[in-house]
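Here's the structure we're looking at; comments come further down.
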Amino acid sequence: MAQPPDTVLKADPAERVAICRALRDVSTVETPYGVYRPATIDDADAFFTLLADPHVSGPLYTIPKPVTRDWVERWIEAHQLEAAQGAGLLMLARDGVNQPTGFVDLQVWSDRASAEFGGGISPDLQSASLGTRGAAALFDWLFQKIDIRLIAMTNALNNVRTEKLLRHLGFVRLTDRVCVAEDGTKRLPMYWALKREDWRSPYCKEETHPGL
Ligand SMILES: CC(C)(COP(=O)(O)OP(=O)(O)OC[C@H]1O[C@@H](n2cnc3c(N)ncnc32)[C@H](O)[C@@H]1OP(=O)(O)O)[C@@H](O)C(=O)NCCC(=O)NCCS
């Protein structure tokens, strides 16, 4: 399960309520490889296809190996509950012909104005800069539209692409943290964080953000 970020921010009640409301009201987030929408049970087949591919789910310790269709359904339903409580959001991206192209799994701590972010894109789109551009669009949306002030990320020590992507987008590597994988085993991934006031998107025109 996701642990809250090591950096502790404090959100006042109005900020907490605004973050929860913004999460419940999400409709779409556009990226160069498709449009993200909150996941529904109708997306279960698409998720299963994406996650059954080890090129997508292999590096993600939150996804069981092997993944099953039943687990995917329960995962979507759990996230729908979290979204209603403003505690998380699962989104699926589809391209112009409705093919699934990526997903993002957000955990949100509204009392800390903080979020953790995981996900992946379809294997045929990988290593062509699309993951970096999509992540930038999602970070920009989280900071600007959801009003998150801190994003935390983890990645396996050998996940070079994610490490480069995060460094490129301005994340700061902090002390590695112990994470518990879906099967109960412990991992020691890299741990990264980025505050809103330090966010400078290389792709978006508007690069100034309100400070804390
Ligand atoms: C991680 C992921 C989103 C990255 O997106 P991507 O489109 O594949 O990566 P990009 O093309 O944007 O490249 C990101 C960086 O890795 C580098 N890179 C790309 N392919 C690489 C490869 N095969 N070997 C080494 N570096 C590589 C790029 O040059 C870039 O670095 P730079 O910014 O210093 O130039 C995508 O690979 C993916 O979905 N992987 C499976 C799931 C996963 O690992 N999720 C992340 C865990 S939270």
Checklist entry - Per the helix-only calculation at 222 nm, which mean residue ellipticity applies to the chain, given -39500 (n - 2.57) for every DSSP H run of n ≥ 4 and division by its residues, nearest 500 deg cm²/dmol? => result -9000 deg cm²/dmol
Item to check | Relative contact order (%) - criterion: Cα under 8 Å, at least six apart; region: segment 13-149 | outcome: 30
Checklist entry - Measuring from a point 7 Å past the Cα of GLN99 along Cα-to-C-beta, which residues in segment 111-152 have an amide N at less than 13 Å? => result 122-126
Checklist entry - To one decimal place, what Kirkwood hydrodynamic radius in Å is obtained for segment 8-89 from all pairs of distinct Cα atoms? => result 14.5
Checklist entry - Name the residues of segment 33-56 whose amide N is less than 20 Å from a point 7 angstrom out from the Cα of ARG69 along the C-beta direction? => result 39-54
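For the chain, go through all pairs of different Cα atoms, get the mean of 1/r, take its inverse, and jot down that Kirkwood value in Å.
When all Cα pairs of the chain are included, the Kirkwood radius is 17.3 Å.
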Checklist entry - Along each of its three principal axes, how wide is the spread of alpha-carbon positions in segment 102-187, in whole angstrom units, largest first? => result 37, 33, 22
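Determine the dipole magnitude for segment 131-192: charges of +1 sit on the beta-carbon of Lys and Arg, -1 on that of Asp and Glu, nothing else is charged, the reference point is the Cα centre, and the result goes in debye to the nearest 20.
Numbers: 10 positive and 6 negative charges, 38 e Å.
Charge dipole, segment 131-192, about its Cα centre: 180 debye, nearest 20.
By count of other Cβ within 10 Å, fewest leading, how are THR132, THR31 ordered?
Values: THR132 19, THR31 22.
Fewest to most other Cβ atoms nearby, the residues stand as THR132, THR31.
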Checklist entry - So what J values fall out for segment 86-102 if you push phi through Karplus, 6.51 cos²θ - 1.76 cosθ + 1.60 with θ = phi - 60°, rounded to Hz, Gly and Pro as x? => result x, 10, x, 7, 10, 10, 10, 9, 10, 8, x, 10, 6, 7, x, 10, x
Next on the checklist: Cross-link candidates for LYS65: which lysines have Cα within less than 23 Å, leaving aside residues fewer than 8 places away along the same chain?
Outcome noted: LYS186
Next on the checklist: Running a GNM on the chain with Cα contacts under 10 Å, which residue among VAL29, VAL104, VAL17 ends up with the highest mean-square fluctuation?
Outcome noted: VAL17
Next on the checklist: Run the simple label-point estimate for GLN85 and THR175 please: 7 Å along Cα→C-beta, distance reported in nm.
Outcome noted: 2.9
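Where does the charge balance sit around ALA152 when Lys and Arg score +1, Asp and Glu -1, over other residues with C-beta under 12 Å from its C-beta? Could you put the intermediate results ahead of the total?
Values: positive: ARG112, ARG149, ARG173, ARG177, LYS195; negative: ASP6, GLU116.
Overall, the nearby charge balance is +3.
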Next on the checklist: Give the lysines reachable from LYS145 as a straight Cα distance under 29 Å; neighbours fewer than 8 places away on the same chain don't count.
Outcome noted: LYS10, LYS164, LYS195, LYS205
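Using a 10 Å cut-off around each Cβ, can you sort MET190, MET153 from fewest to most neighbouring Cβ atoms? Can you show the working numbers first?
On the way: MET190 20, MET153 24.
Listing MET190, MET153 from fewest to most nearby Cβ atoms yields MET190, MET153.
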Item to check | Distance in nm between pseudo-label sites at THR49 and SER127 (7 Å out along the Cβ direction from Cα) | outcome: 2.3
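A short reminder: the numbers here are calculations on the coordinates, not readings from a lab. The structure presented is a predicted model; accordingly, all values stated were derived computationally and were not measured. Every residue, glycine among them, receives a Cβ derived from its backbone with ideal geometry; neighbour counts consider all protein chains shown.
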